[in-house]
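For reference, the structure discussed in these notes is given below.
The values are calculated or read from the model by the stated rules, or taken from the named source; none is laboratory data. Note that this is a predicted model, so its numbers are computed, not measured. All Cβ positions, glycine included, derive from the backbone under ideal geometry; neighbour counts span all protein chains shown.
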Amino acid sequence: MAFLIGPMQKRIRGHKEATETNEILKIHCDEVAISLAIGSHTALPCVNVGDKVKIGDLIGKRDDRFYVPVFSSVSGEVVAIEKRMSAGLRPADHVIIKNDHADRKKEFSSISLESSKEEIINYMKEIGLIGQGGAGFPSYLKYSTDKCETLIINAIECEPYITADVRNIEENMEYFKDGVKLLLKASNAKKCLIGMKFIHANLITKLNELFKDEENIEVVACKDVYPMGWERTLVYTLLHKRYDKLPIEAGAIVSNATTAITLAKTSEKKCYQYERIVTVSGDNIAKPHNVICRIGTEIKDLIKACGGPKNDPAVIVMGGPMMGTCVTKDTVTITPISNAVNVFEPKEYQEYPCLRCGRCVEHCPSSLEPVTITEAYRFNDVDRLSTLHVNDCVECGMCTYICPSKIEVTEMIRRAKKVMALRKK
Amino acid sequence: MEYKFKATPMPRRNLTTGKVMTRLLLGLLVVYAYGLYNSYNIGGKQYLVNTLLLLLVAVVTSIVCEVIYALMMKKNIGEHCSTSFPAITALILVLTVPANTSLYAIAVATVIAIVFGKLVFGGFGQNIFNPAAVGRAVIISSFATRTAFDAVTGATIATQFAKMNWIADANSYLRFVEANGGYFNILMGNYAGAIGETCTLIILAVGVWMTIWDVIDWRIPATYLGLLFGSATIAGLVKGLGIDYALMFVSTGGAAFGAVFMLTDPVTNPQTRPGKIVFAALAALFTIAIRFLGNMPEGVVFSILLANMISPAIDKLFSSKQITSHKRNIAITLGTVACVLLCGALIACSVEPGKYAVDANAGASETVEEETDAEAGASGTDEEAGASEDAGVTGTFADTDLSKYPAAVKSVDGDTYIVTAGGFHALEGGPDNEFEIVITDGKVVSVKCTVFSDTQGVGTIATADDALAEFEGVSLTDEIDAVSGATYTSNSVNAAVQAALKEANK
C-alpha cells in the first residue's frame, strides 16, 4: 500500500525529554473560569451570579440532543458569567468562580467491575465523561453500541512535546488498570489493545507486568511516527482495517488513556475529577514541566509556574504543536480536554514556490491531495474543491510540516473547509 | 509580553526546497566533473576549455534572463533569483550538449529554456515543460548541424547505434561493441557524446545518492529505465543478441541522464505515486518509439517533453482519495506498465536489424554525417548510412578516391616505406600522420603508426595495433572496409597504405 500511496506518516522529533522525567508541579488558583464550550457546541449556564457551589456541582449543560454536564472544579462563589475566548478560538460563556479553598465536594455515586454495561454507560453520562484525547466526544455515545469487537486504548501521544498522558499513566497505574477494565466491560468487546509508542520501553514493561493476569488485554508497541495516535491510523496499524466515518464500522472503539483513568478515579473517589495534568512545554518556555491544575485555570498561571517565555514575542499553542490552536490571549482557560500548553518562538520561514513534488500527497494520513486543494483554494475554484474530499481533512498539520517550500498548506485547507462550509449553508 | 498568532503546525521539517536544489546541484556537478575529464580525453585542452566556457555562458545567460524578468515584473531581484534556481536549468542544459557545442548555440538555447521554458508560464513551479529539455530540443531542431565549432572526429555511440536502427544483427552488434571498447568502457562513458550523458555508472550512483537524500523519487528512473531494459531484453532474446543488448540499449544515449535528472523534475511530473509511474512508463514508450521508428538519432529529450505534456492529464486521472481508489490505481498502473513493456518489445522486434558500418569508402555522402554533431542528426541520416554501406562493397582498393587525404611516400628503405598522410587535422592545415609500412610482393606485411596527430581517443581506434593488423595481406586489388569510429583517421591510414602500395607497384 505504501508503495503506491506513500507512507502516510512521518517520524517527527518528539522533544519529550523536556518533561518526561522531571517533577509534576501543582498549581493553586484563587479563581477559575470554566469554559462552557464543549467541542463545537456551547452549554448553557445553570447557575447565577452569587450562587455558592461545591466541587462537582452542575454549572452548565448542553441543551441539544446530547446531554453533557459541566461541573464546578472549586468550591466557592460564582462571581460572574462572561463571554471570553475559549481554547477552541470561539467566544463562549465562562462561569467564573472564586475559590474559597475549602474544597467541599459533592459526592458522586460509584460503579464497580460487577456493574453491567448499561450501568457503566449511564455513569459515564452522569459524570459527563468526554474523550480526553482532544476531540471531546461524549463517551456514553461512543459506547452505546453492541458491535464492538476490539477496544483500543490510545496511549500513543504522537504530538511532539506532550507527555501528559504517559505521565498520567505512570502516576496512576492502578486507576489505569481499573479504567481499562471498566471500559472493556462497557464496550462488551472480546479484547483490548493498548497502543503505546515503543520509545516508552520502561512503561511498556510495567504495563505488561500490570496486565499479566488479563488474557484479553494486550499492550502493543507502535512505531514512533506522526500521526500514530490518530484514530484512523491507530485502527489501521492495530487491526489493518479502514473505515468510512466512525471506528465502530471496523468493530473498534478507541478511547484515550486519560479517559480510562478519569473514569476509574471518579468512581473510586466518588468525586468529580476537578484537576487534570497538562504539559507546559515548547521551545520558548524557560522551565518545561507537567503541571496539575484545576479545570478553569488561566494558562498564564501555568506559563508563569514554568518560568514564562524565554524570548519575546512568543506564540502560545493550546494542545499539541501540530494540531493545536494558536491563542493570542493568555486568559484562555484549561478545559477537561486540554492536554498541553506549548510556547514557541514565532519562526519565519522563507517560502518558495510550490514544486508540486507530491510529498504532501504521499504523507497525508487521509490520503488527500493537499497541493491540489491549495491550488483550488487559491483560484477560488469551489467546484474543484467539492471533488477533493476537503472535509476528510483532520488538520493534522502533516502537509505544512513536510512541505519543502514551507507553504502554509494546512492553513489553506482550513480556509478551504470554511469556504465549503459557507457554501453548504 | 506579546503573544503573536501563527498558524499551526509549529514544527517544520528541516528539508527546504533550497536544500533539495542544492543537493541536486551537487549531484549534477559530480556528473559535470566527469564530463570535464571525458571532454579532455576526447578533445584535449580545447574541449576542456569549451566545456568550462559552456557552463559559464549558460549560467550567466540564465541569471541575466531572470534578472530582466524580475525587473520587468517589479520583483525583488535577489529574492526572485534565490527562489527560481536558474543555475540548475543551465547546468542540466550544458550536460545534455556535446563538448564541442558553440557558445552562441548554448546562449540561445539557455534563453529559450529560461524564458520560453519557464518564465512565460509564470516562473519556477508553474512551467509545464522541463526547461532544460525545451532548450535542448531547440538545439536539436533549430541548429542541427551548426552547433559544433568543429566537426566531430567520428560519430558518437548513440549515432552509430541509431544508424543500425538501434538493433543490429548479432555479428554487427558484436563488432560495434568491440569497436567501442567493450561493455565496461561504454558503461564508464569513455567516448564522445553529450557532456553529462556518457557515464551511466556515475549517473546511476548519483541517482541512488539523491534518492537517499530525498531529492528525487526513485520510482521514475526505475520505471523508465526498467521498461527500456525490459523491452530491449525481449527484443534482444528474440533477435538472438542476448541480454547484454538491453544493457547497451539503456546505457547509450541520454536515457540514464534523462531518467535521473530530467524526468524526475517534480514541477513537470505528476504529484501522486501511481501518476509518477504511469508518467515514466509513457516516457519510456515514447523513447522506444522515437528510437526505433523515428528518424532522429536520439529520442530521450522529445519523449520527456511529450510525457511532460501528458502530466496534467495523469494528475487528473489519479486525483481522488488515494485509499478509496487504491485498487483502481494499482490496476491502471500495472496495466500501463505491462502495455508499455509489450508495445516496446513489439516495436523493437518489428524493426529490421541494421548492419554495423561506418564506411571509409563512402566518399561524398560521408561528409554530411561527419559534420553532424553527436545527437543532432538531420533527417535522412539513415538512408545515407545505407548508401555508404553499398558504396563500400564495390570497387577495389586501388580505385578508391582518397585524394582528400594527401599521402606521400617520404622515403623507401628496402621493403619499408615511410608515408605521411593527411588526417583530420591536416584538413585544417595541421600536421600529418606518419606511417611505417612494410610491403613485399605487392602485399602489405605490417603497418605501424609513427606520428599521430589526430584527436586522441577517437582517432586512436583506427590506429590501434588491432586495426592496423587488418591491413596485413592487403593488395591494391582487394576490397577493403575501413576501421570504424574515426573516419578521417581511418581514411588517412587507407590513403597511406594505398600510396605505399602504388609506390611498391611502380
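Taking B:Leu25, is it touching a helix residue (DSSP H, G or I) at 6+ places or on another chain (Cβ under 7 Å), of a type outside the set (Lys, Arg), at pLDDT 95 or above and under 17 Å from B:Leu91 (Cβ atoms)? Before you say what the answer is, go through the steps one by one.
Values: touching a helix residue (DSSP H, G or I) at 6+ places or on another chain (Cβ under 7 Å): yes; of a type outside the set (Lys, Arg): yes; at pLDDT 95 or above: yes; under 17 Å from B:Leu91 (Cβ atoms): yes.
Yes: the conditions hold for B:Leu25.
Which residue out of B:Ile310, B:Ile243 is over 21 Å from the mean Cα position of the chain (by Cα), in the same structural domain as B:Met164 (by TED's automatic domain parsing) and within 18 Å of B:Cys339 (Cα to Cα)? Don't jump to the end; show me each part of the working.
Working: B:Ile243 fails: within 18 Å of B:Cys339 (Cα to Cα).
Of the residues listed, the single one that is over 21 Å from the mean Cα position of the chain (by Cα), in the same structural domain as B:Met164 (by TED's automatic domain parsing) and within 18 Å of B:Cys339 (Cα to Cα) is B:Ile310.
Can you find even one residue in the stretch A:64-73 that is part of a strand (DSSP E or B), without any contact (Cβ under 8 Å) to a residue 12 or more places away in the chain and of a type in the set (D, E, K, R)?
From the stretch A:64-73, those part of a strand (DSSP E or B) are A:69-71; that's our starting set.
Subset that is without any contact (Cβ under 8 Å) to a residue 12 or more places away in the chain: none.
No - not one qualifying residue is present in the stretch A:64-73.
Anything in the stretch A:330-347 that is at the interface with chain B (Cβ under 7 Å from one of its Cβ atoms) and either without any contact (Cβ under 8 Å) to a residue 60 or more places away in the chain or basic (Lys, Arg) (or both)? List them, or say none.
Those that are at the interface with chain B (Cβ under 7 Å from one of its Cβ atoms) and either without any contact (Cβ under 8 Å) to a residue 60 or more places away in the chain or basic (Lys, Arg) (or both): A:Asp330, A:Pro346.
Within the stretch A:392-399, does at least one residue satisfy the condition of being within 10 Å of chain B (Cβ to nearest Cβ), surrounded by fewer than 20 Cβ atoms within 10 Å (Cβ to Cβ), in contact (Cβ under 8 Å) with a residue 60 or more places away in the chain and in a loop (DSSP other than H, G, I, E, B)?
Within the stretch A:392-399 (the criterion being within 10 Å of chain B (Cβ to nearest Cβ), surrounded by fewer than 20 Cβ atoms within 10 Å (Cβ to Cβ), in contact (Cβ under 8 Å) with a residue 60 or more places away in the chain and in a loop (DSSP other than H, G, I, E, B)), the answer is yes, since at least one residue qualifies.
Pick from A:Asp57, A:Asp30, A:Asp51: which is more than 14 Å from chain B (Cβ to nearest Cβ) and in contact with a Ser or Thr (Cβ under 9 Å, 6 or more places away or on another chain)?
Of the residues listed, the single one that is more than 14 Å from chain B (Cβ to nearest Cβ) and in contact with a Ser or Thr (Cβ under 9 Å, 6 or more places away or on another chain) is A:Asp57.
For the stretch A:290-326, how many residues meet the condition of being surrounded by 23 or more Cβ atoms within 10 Å (Cβ to Cβ), more than 10 Å from every other protein chain (Cβ to nearest Cβ) and within 20 Å of A:Ala257 (Cβ to Cβ)?
4
Which numbered condition in (1) farther than 20 Å from B:Pro9 by Cα; (2) within 13 Å of another protein chain (Cβ to nearest Cβ) is the only one that A:Tyr272 fails?
Of (1) farther than 20 Å from B:Pro9 by Cα; (2) within 13 Å of another protein chain (Cβ to nearest Cβ), only one is false for A:Tyr272: (2).
Return the residue satisfying two criteria in turn: it lies in the stretch A:400-425 and is away from chain B (no Cβ under 12 Å), among the basic types (Lys, Arg) and in a helix (DSSP H, G or I), and of such residues it is nearest to A:Thr233 (Cα to Cα).
Checked the stretch A:400-425; the qualifying residue nearest to A:Thr233 (Cα to Cα) is A:Lys417.
Residues B:Ile92, B:Ile128, B:Ile112: which one is closer than 20 Å to B:Ala283 by Cβ, surrounded by fewer than 23 Cβ atoms within 10 Å (Cβ to Cβ) and at pLDDT 90 or above?
On the way: B:Ile92 fails: surrounded by fewer than 23 Cβ atoms within 10 Å (Cβ to Cβ); B:Ile112 fails: closer than 20 Å to B:Ala283 by Cβ.
The match here is B:Ile128.
Tell me, please, whether a residue that is modelled with pLDDT of 80 or more and either of a type outside the set (Lys, Arg) or out of contact with any helix residue (DSSP H, G or I) (no Cβ under 8 Å at 6 or more places or on another chain) (or both) can be found in the stretch B:150-166.
Yes: the stretch B:150-166 contains one or more residues that are modelled with pLDDT of 80 or more and either of a type outside the set (Lys, Arg) or out of contact with any helix residue (DSSP H, G or I) (no Cβ under 8 Å at 6 or more places or on another chain) (or both).
Taking the stretch B:258-293, which residues are part of a loop (DSSP other than H, G, I, E, B) and either within 11 Å of another protein chain (Cβ to nearest Cβ) or not hydrophobic (A, V, I, L, M, F, W, C) (or both)?
B:Thr264, B:Asp265, B:Asn269, B:Pro270, B:Gln271, B:Thr272
Would you confirm whether or not the stretch A:356-366 contains a residue that is more than 19 Å from A:Arg90 (Cα to Cα), facing chain B (nearest Cβ under 8 Å) and not in a loop (DSSP other than H, G, I, E, B)?
So far as the stretch A:356-366 goes, yes, one or more of its residues are more than 19 Å from A:Arg90 (Cα to Cα), facing chain B (nearest Cβ under 8 Å) and not in a loop (DSSP other than H, G, I, E, B).
Does A:Tyr377 meet the test of being out of contact with any Cys (no Cβ under 7 Å at 6 or more places or on another chain), more than 12 Å from every other protein chain (Cβ to nearest Cβ), crowded, with 20+ Cβ neighbours inside 10 Å and not acidic (Asp, Glu)?
Judged against the criteria, A:Tyr377 is a match.
Count, please, the residues in the stretch A:75-119 that happen to be surrounded by 20 or more Cβ atoms within 10 Å (Cβ to Cβ) and either in a loop (DSSP other than H, G, I, E, B) or assigned by TED's automatic domain parsing to the domain that holds A:Ser255 (or both).
Total meeting the criteria: 5.
Which of (1) surrounded by fewer than 23 Cβ atoms within 10 Å (Cβ to Cβ); (2) more than 8 Å from chain B (Cβ to nearest Cβ) is the odd one out, the single condition A:Tyr352 does not satisfy?
So the condition that A:Tyr352 fails would be (2).
Here is a check on your reading of the model: is A:Glu20 touching a residue at least 40 places away in the same chain (Cβ under 8 Å), more than 14 Å from chain B (Cβ to nearest Cβ), under 30 Å from A:Cys364 (Cα atoms) and charged (D, E, K, R)?
yes
Between a first residue in the stretch A:1-13 that is under 16 Å from B:Asp217 (Cβ atoms) and facing chain B (nearest Cβ under 9 Å) and a second residue that is among the small types (Gly, Ala, Ser) and surrounded by 15 or more Cβ atoms within 10 Å (Cβ to Cβ), which pairs have beta carbons less than 6 Å apart while being 6 or more apart in sequence or on different chains?
Going by the 6 Å Cβ cut-off, the qualifying pairs are A:Ile5/A:Ser367.
Can you find even one residue in the stretch A:66-84 that is within 14 Å of chain B (Cβ to nearest Cβ) and more than 25 Å from A:Lys329 (Cα to Cα)?
Within the stretch A:66-84, none of the residues are within 14 Å of chain B (Cβ to nearest Cβ) and more than 25 Å from A:Lys329 (Cα to Cα).
From the list B:Val49, B:Val20, B:Val60, which residue is among the β-branched types (Val, Ile, Thr), within 14 Å of another protein chain (Cβ to nearest Cβ) and either out of contact with any helix residue (DSSP H, G or I) (no Cβ under 7 Å at 6 or more places or on another chain) or surrounded by fewer than 16 Cβ atoms within 10 Å (Cβ to Cβ) (or both)?
Just one listed residue meets the conditions, B:Val20.
Anything in the stretch B:242-257 that is surrounded by 24 or more Cβ atoms within 10 Å (Cβ to Cβ) and either within 14 Å of chain A (Cβ to nearest Cβ) or not in a helix (DSSP H, G or I) (or both)? List them, or say none.
B:Thr252, B:Gly253, B:Gly254
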